[in-house]
Amino acid sequence: MIISVIFFTENFTLNAQDAVTLLQEMDNLMLAPKDKQGTVKIILTNKSGKEKVREAEMKQKGRDKRLYRYTQPESQAGIATLSLPDNIMWLYMPAFKKPKKISLLAKSQAFTGTDFSYEDMESKSYSERYTPTLLNTNEDTYELELIPKSEKSKYSKIILNIDKVNYYPLTMEYFNKGNQKIKEATYKYQKTGNYWNAGEVTMTNLKKEHSTKIVFTNIIFDQDLSDDEFTVENLVPAPE
Amino acid sequence: MDKLAQSIFKYRWVTIVTVILLTAFLGYQIKDLRINSDVISALPDDDPDAALFKEIGSKFGGNDMGMIILETDNIFKTEVLEHVQQLTDTLRMTDGISSVSSLTDIIDIKGDDYGIEIGKLVDEWDLPDTPEELEKLKQRVFSKDLYKGSIVSEDGTATLIIFTIQDEADIKSVANSIREKAESLNLPEKLYYIGSPMLVTYISELMYSDLLRLIPVAFILIAVVLYLSFNSKRGVILPLLTAAIAITWTLGTMVLFGYEMSMISNNIPIILLAVGSAYSIHVLNKINYYRETDGKRAIFLALTYIIIPVFLAALTTIIGFISFIFGAYLTIIKDFGIFTALGTFFTCLLSLFFVPAIISSLSLKKVKNVAKNKKKENSALSNYLLIPLTNLLHKHPKYILTTWSILILISIGGIFLIERSVDIQEYFKKDNPTRAAENIMINKFGGSKPIYVLFRGDMQSPEVLKLMIETEKYMEKSPDVVSTQSVADLIAEINNVMGEGYKIPDERDKIEQLWFLLDGNDIMPRFVTDELDEGIILSKFVSPDNKAKKVFANYMNAFIQNHSSEDCNIQITGMPFVDVTMDKSLLKSQMGSLSIAIFFVIILVGLIMRSLPKGIYATLPIIVAIVILFGVMGYAGISLNIATVLVASVALGIGIDYSIHVISYFNHSFKITGDLNKAIEDTIMISGRAIVINVFSVSGGFLVLLFSEMVPLQYFGLLIALSMVGSSLGALTLLPVILILVNRKKLIRS
């Protein structure tokens with residue numbers, strides 16, 4: 001009896017709390033920290049299983065200021081990228097001394113060799129970009145269908161599974177306009193301090209049989225990073 | 001021979017059961033027979049150019065790239081761009097395709113003092129729709145080598161949609177669905193399909209169609225010839241059954257040993273049908289001949305006489321096929337030689353063991369009537385052909401000799417006119433769309449034959465990249481190279497975007513950092529290996545002319561010798577280089593296989609006849625027929641190619657049989673009667689009849705190849721038929737004359 005009441009109430013809340021709310025919950029969780037800082041390891045695996053590893057120090061403030069400073073591989077150490085609002089990115093390559101502004105006009109383009117496109121990395125929240133529908137309520141997860149609001153999206157839909165309790169994403173399946181599944185992402189969330197954050201994200205391009213695994217370590221939150229950290233001037237390291 | 005003949009009779013049921021079981025077993029294997037129409041995989045590994053070509057094709061993924069060509073009067077129109085976009089989207093949504101690139105989906109990097117703009121050449125959501133925008137796009141396309149001549153033709157009337165097929169995808173089904181989906185869009189522009197996956201699929205379709213259409217036609221045709229000759233069901237069914245069983249065994253064995261059906265071995269069924277039915281015809285003919293007296297005894301008598309000639313006939317044919325193993329350039333030709341030889345062996349075995357076994361197990365009563373009927377039927381052949389021929393031989397042996405001599409002289413003149421061709425495009429008929437696609441590639445996109453220059457060295461070293469640029473500039477000075485592409489161009493391009501000018505930076509760290517922007521780009525694996533220790537310059541060769549290819553090979557080799565070093569080893573290969581070697585090897589292979597075949601045939605026939613001169617006489621008619629064959633090829637402009645190169649040796653192997661029959665019968669008859677004239681007459685009347693029937697059925701079988709979808713095979717069939725007629729005429733006119741002249745002298749001397 002008690003169990004059925006719980007089920008009932010849960011179903012009831014579900015009906016009231018529609019897919020839009022669920023997606024907002026996920027956005028809130030993802031965007032909760034004011035800022036974060038840590039080490040990012042990017043592992044690229046091609047179809048023959050060969051791996052390439054890059055490493056960078058990452059700083060992020062809010063949702064759309066992001067700084068990567070690469071430390072590995074040796075030959076690309078010192079390269080830094082600064083992502084700013086409105087799809088502007090600044091690139092600094094030590095051998096060329098001056099930072100260059102990069103305007104990204106093609107969002108379907110892969111982000112420097114990874115399986116994430118610029119569209120996947122956009123700073124806008126999921127709720128802003130997609131219209132959700134609840135497909136299924138599973139034992140531990142909600143299954144949502146996300147339809148892109150922009151007709152320019154490369155995707156026809158994304159099937160998203162989120163954790164029922166904490167609303168963090170578990171998997172995302174990306175479909176092209178021909179309704180073929182072309183990519184899938186899996187997330188491993190963990191709680192660090194007050195926040196849930198993805199310790200590991202793996203994106204697999206099913207057509208190219210190529211995958212990108214991003215591992216976040218040494219994550220620290222809410223350090224009150226100053227806006228000055230995210231300036232073009234700051235891209236160029238101070239002379240030692 | 002008597003004993004063998006008796007055993008054949010005694011164990012007839014064992015033979016029949018064994019044949020049935022073997023046929024069932026090997027026939028079951030054929031379900032796994034696969035067609036391999038990939039020309040590149042047929043290139044031999046022991047030719048460095050071919051081996052390197054194959055290695056680069058698989059390492060840098062050139063073999064899995066296909067293209068749709070869209071042709072119209074002007075590409076730079078909004079509706080044309082819309083159609084390109086439709087095709088691009090359709091391809092992208094096709095299963096088994098990993099990437100697509102086209103005018104409406106290609107990256108465009110622009111740079112100026114203010115920064116870099118990474119975008120698309122055409123915004124697919126906002127296609128250029130004003131004359132100004134279209135003109136701007138045109139200017140942009142024609143300003144960069146990355147687009148001009150590689151995505152859009154230099155005259156702006158054709159554009160390519162380039163796609164890559166996934167490794168494990170089934171190429172044929174992907175290629176077919178590409179064609180179906182593209183056609184279903186019903187676009188007003190003309191579409192063509194090209195590139196390795198499309199070509200391989202197309203050839204395999206032609207092969208299937210050949211197999212399905214030609215084999216039944218050949219069966220029916222030979223059946224008609226057989227019925228006209230024997231006027232009995234048995235005379236039709238037995239030879240065809242033997243051939244069918246031999247074909248089953250051969251194809252089954254191919255599967256058992258892991259071989260695939262190639263564009264050459266595709267003809268094995270037709271060839272075995274034509275060749276294989278001949279042996280049964282001889283056996284049947286002989287049995288019928290003796291059967292007028294007594295049923296079972298006829299089989300003994302026939303077998304005692306026929307075992308050696310049929311075995312010999314098969315052996316010489318086998319020699320003709322086996323001769324391809326030595327000196328053939330393409331592995332598919334060697335395989336063809338091995339399996340047709342094996343198939344010939346099977347048909348020989350079946351004719352000698354299985355045919356008599358079947359006949360002796362059946363009732364022999366009706367045969368007498370048939371034999372009588374047959375005599376009447378064939379009297380026309382005797383009256384109008386064989387008797388006049390005998391008279392001619394007796395009265396004017398020297399006229400015959402003179403006529404042949406004149407023919408030979410004329411033919412020798414033709415031999416010098418023979419052209420060689422190694423172009424795969426000649427496999428297709430003139431109206432074939434693949435040829436049209438090829439022409440567009442040659443005329444509008446700077447050629448279709450790939451050239452690869454391989455650099456082994458540090459791909460991030462300024463020296464290596466500069467050497468690549470230098471090599472490209474040198475290549476482009478050749479009149480047959482329009483454009484070149486390499487990772488060095490990309491580095492120079494991005495360096496330019498970074499504001500440092502279109503050049504390779506002098507500092508290594510700049511190159512390494514520029515690489516950061518290129519990493520993961522779809523185009524990179526086409527240019528460099530993952531380890532960055534090998535890179536290629538991709539180019540195309542315009543001229544289909546072999547001389548131009550040789551000139552270019554020398555031109556490039558001179559450069560490579562001067563510039564290749566320990567730090568950076570340079571090698572060049574490509575279809576033009578493979579073509580040059582294939583061209584050389586055509587002649588070598590022709591001379592090699594033909595001389596091997598002639599040598600062994602003379603030795604073999606000499607051994608059987610216990611006299612080398614007789615071996616030479618026997619071989620003369622077929623050598624003459626081959627000389628005439630080459631003469632006809634020269635005058636008719638039929639080129640020597642990978643299929644026609646097979647004709648001479650095959651013709652020798654089959655055609656020698658006629659001479660062997662003539663000489664054997666002549667010896668047999670001359671020994672008994674001691675009368676030269678009578679012996680010649682008997683030979684022509686008995687062997688001549690068998691030979692004429694055989695020429696009709698064998699040539700008929702080969703002429704079916706005229707309906708093949710592939711041009712060289714049409715010529716192959718025609719030329720073999722021609723050689724059969726030539727060698728039978730030789731065996732029935734030239735050879736008897738030689739026999740008359742030689743034996744007359746002997747008679748006079750004695």
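Below, the figures for the structure above:
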{"read-out": "Magnitude of the charge dipole, the protein assembly as shown, Cβ model with Lys/Arg +1 and Asp/Glu -1, debye to 20", "value": "8080 debye"}
{"read-out": "DSSP-defined beta bridges in chain B - what % are antiparallel, rounded to 5", "value": "95 percent"}
{"read-out": "Residues in the range A:218-233 that a label on A:Asn194 would reach, taking backbone N under 15 Å of a point 7 Å out along Cα→Cβ", "value": "A:220-225"}
{"read-out": "Estimated inter-spin distance, A:Ala32 and B:Lys190, nm [label 7 Å along Cα→Cβ]", "value": "6.5 nm"}
{"read-out": "DSSP-loop chymotrypsin sites (Phe, Trp or Tyr not before Pro) across the range B:194-268, with at most 12 other Cβ within 10 angstrom", "value": "B:Phe257"}
{"read-out": "Selected from B:Leu409, B:Ser728, B:Leu706, residue furthest toward positive end of dipole (the protein assembly as shown; charges at beta carbon)", "value": "B:Ser728"}
{"read-out": "Rounded FRET efficiency, nearest 0.05, which uses the C-beta distance separating A:Asp86 from B:Asp431 and R0 of 51 Å", "value": "0.35"}
{"read-out": "Cα long-axis angle, helix B:433-444 against chain B (0 to 90 degrees, to the nearest 10)", "value": "40 degrees"}
{"read-out": "Among A:Tyr195, A:Val236, A:Ser211 the positive-end extreme of the charge dipole of the range A:139-240 (Cβ point charges)", "value": "A:Ser211"}
{"read-out": "Theoretical FRET efficiency, 1/(1+(r/R0)^6), r = Cβ-Cβ of B:Lys745 and B:Ile408, R0 22 Å, to 0.05", "value": "0.45"}
{"read-out": "Full-extension gain in nm, B:Leu22 to B:Phe707, via 0.36 nm per residue minus C-alpha separation", "value": "243.4 nm"}
{"read-out": "Distance between modelled label sites at A:Arg63 and B:Asn569, nm, 7 Å Cα→Cβ extension", "value": "5.6 nm"}
{"read-out": "Folded to 0 to 90 degrees: helix A:19-31 orientation relative to chain A principal axis, Cα", "value": "30 degrees"}
{"read-out": "Gain in span if fully extended, B:Glu507 to B:Tyr11, counting 0.36 nm per residue against the direct Cα distance", "value": "170.0 nm"}
{"read-out": "Cα-based helix-to-principal-axis angle, A:2-16 vs chain A, degrees rounded to 10", "value": "60 degrees"}
{"read-out": "Nitroxide proxy distance, nm - points 7 Å out along Cα→Cβ at B:Ile616 and B:Asn521", "value": "7.1 nm"}
{"read-out": "Magnitude of the charge dipole, chain B, Cβ model with Lys/Arg +1 and Asp/Glu -1, debye to 20", "value": "8200 debye"}
{"read-out": "Linear extension gain, A:Ala238 paired with A:Phe221, 0.36 nm per residue minus alpha-carbon span", "value": "3.6 nm"}
{"read-out": "The range B:455-478-the range B:178-203 distance, computed between alpha-carbon centres (Å)", "value": "35 Å"}
{"read-out": "Those chymotrypsin sites (Phe, Trp or Tyr not before Pro) in the range B:461-531 that DSSP places in a loop and that have at most 13 other beta carbons within 10 Å", "value": "B:Tyr502"}
{"read-out": "Student exercise, the range B:446-578 dipole from Lys, Arg, Asp, Glu Cβ charges, in Debye to nearest 20", "value": "920 debye"}
{"read-out": "Furthest towards positive pole of dipole, B:Tyr665, B:Leu191, B:Trp125, structure part chain B, Cβ charges", "value": "B:Tyr665"}
{"read-out": "Computed E for B:Lys138/A:Gln72 - FRET, C-beta separation, R0 41 angstrom, nearest 0.05", "value": "0.40"}
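Bear in mind these aren't lab numbers, they're just calculated from the coordinates by the rules spelled out. The structure presented is a predicted model; accordingly, all values stated were derived computationally and were not measured. When we count neighbours, we look across all protein chains shown, and the Cβ atoms used for this are built from the backbone with ideal geometry, even at glycine.
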